[in-house]
Every structure is written in C-alpha cells, then in structure tokens.
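A quick write-up on the structure given underneath.
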Amino acid sequence: MSLKEKIQENLKEALKKDDKALISVLRLLTSALHNKEIEKRTKLSKSEPVAAFQASLSPRSMQGEAGAPSEREKLEELSKLTEEEVIEVISSEAKKRKEAILLVRRSLGEGGEKEKIENFIKKEKKELEVLEKYLPEQLSEEEIKKLAKEAIEKTGAKELKDMGKVMSELMPKVKGKTDGGLVSRIVKELLELNESSIYFDLQ
C-alpha cells in the first residue's frame, strides 16, 4: 500500500468513527495532495515536447485505440505523485503547523484572547502529530551535522560560496527527514567555521 493509499484508507476509517479532528486534518492533507497532482499535470501538459505531441494528435488518437490507454490517460498516470513527492507535501503541511504555532506563541495575550490562542496551539499540535506519523523518522541535529560534514568533505567545499554544491549533495539524503531551514543553518555554520579555520591558519 502506497503512502497516499494509506492516508485515504485512514480517512475512510476516521469517517466511520466520526473522528472530526482526524477527518479535518486528513481532508486538508488529501486536498493538498490533489492540488499537487493538478500542478504536476499542468506542468507536464505545458511542457514543449508533450504539448507539441498532443497538438499533432487527432481527437480519435487522443481517445486511444481499443484496449490502449489514451494520451489523456497517460498524462493522468504520469501526474500521479511518487512516494517522495507525497512526503514533500506532508512535510510542507507539517511545516505550516510548526510555523503557525511559533507565530501565535509570540502573540499570547491575556484573558479570553490567551485562551483562544492556547486552544489554537493545541489544535495545531494535534494536527502536527497526525502528519508526522506519515513522515520518515526525523533526524536529530547531530545526525544532520554528521551528514553535512560528510557532504562538505565529499564536495571539497571550503567556503560559504560552496554552500550550493554541499546542499545539492546533502538534501537527497535528508529530504522528508528534517526541515530544510535547519539543514541550511547547520551547513552555513560548518562552512563559516571552516572559513575561520582557514583564515587563522594563514595568519
């Protein structure tokens, strides 16, 4: 069972149990996945090779020969999200919850307003817990730092201007397992430390 199928199955179960909180977050996630598929399909249909090929087809060939998939069906198939793309969408939704929690925490007020904000934070935390169940086990900062050091060594990066090639080497290994902002911060800190070491070695 794919990750998307698991989410759809869990939504069906939540509907049977009338678990409103779970239904809400899974519907939002399903909608986000659907929107991503539409976005992918739109990009594919507008890509020059595909568009030129489709323009050359007759309405009959667009429908496909008997027993053969039509070009429209092929496009639908190509538009299906990979497991990695599904994880990207879930990570993005989880990140939205984390950012919302941080944002509202800064605006905690008094009385009724404070209570409303605390209830909102509880709701966002519950949604985040649901989303994180579908994500791979998250890496610790130490694990990211270890992988970042390996990427720096492999790419021969010495300075901050080499950050791009380090990130290109590192991101495929950590995608879906941590926040991209955290990875960038760790790589930047390591490269700045490297630059400082080189500078002092030259003195």
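At a 10 angstrom cut-off on C-beta neighbours, averaged per residue, how do the peptides 36-47, 84-95 rank from highest to lowest?
84-95, 36-47
Using the beta-carbon distance between LEU44 and GLU142 and R0 = 45 Å, what value does 1/(1 + (r/R0)^6) give for FRET efficiency, to the nearest 0.05?
0.65
If you average over every viewing direction, what projected area does the convex hull of the Cα atoms of segment 103-164 give, in nm²?
So the mean shadow area of the Cα hull is 6.9 nm².
Grab the beta carbon distance between ALA32 and GLU9, set R0 = 25 Å, and tell me the FRET efficiency rounded to 0.05.
0.90
Return the whole-Å distance between the Cα centroid of segment 86-146 and the Cα centroid of segment 1-34.
When both Cα centres are located, 19 Å separates them.
Could you compute the net charge surrounding LYS145? Neighbours are other residues with a C-beta less than 11 Å from the C-beta of LYS145; K and R count +1, D and E count -1.
Result for the neighbourhood of LYS145: -2.
In debye, nearest 20: dipole of segment 141-202 around its Cα centre with unit charges on the Cβ of K, R (+) and D, E (-)?
280
What's the FRET efficiency of GLU159 with GLU129 using the Cβ-Cβ distance as r and R₀ = 35 Å, to the nearest 0.05?
0.30
Bear in mind that the values in this text are calculations on the coordinates, not laboratory data. As the structure is a prediction and not an experimental result, all values here were calculated from the model. Here the Cβ is made from the backbone with ideal geometry for all residues, glycine too, and neighbour counts use every protein chain on show.
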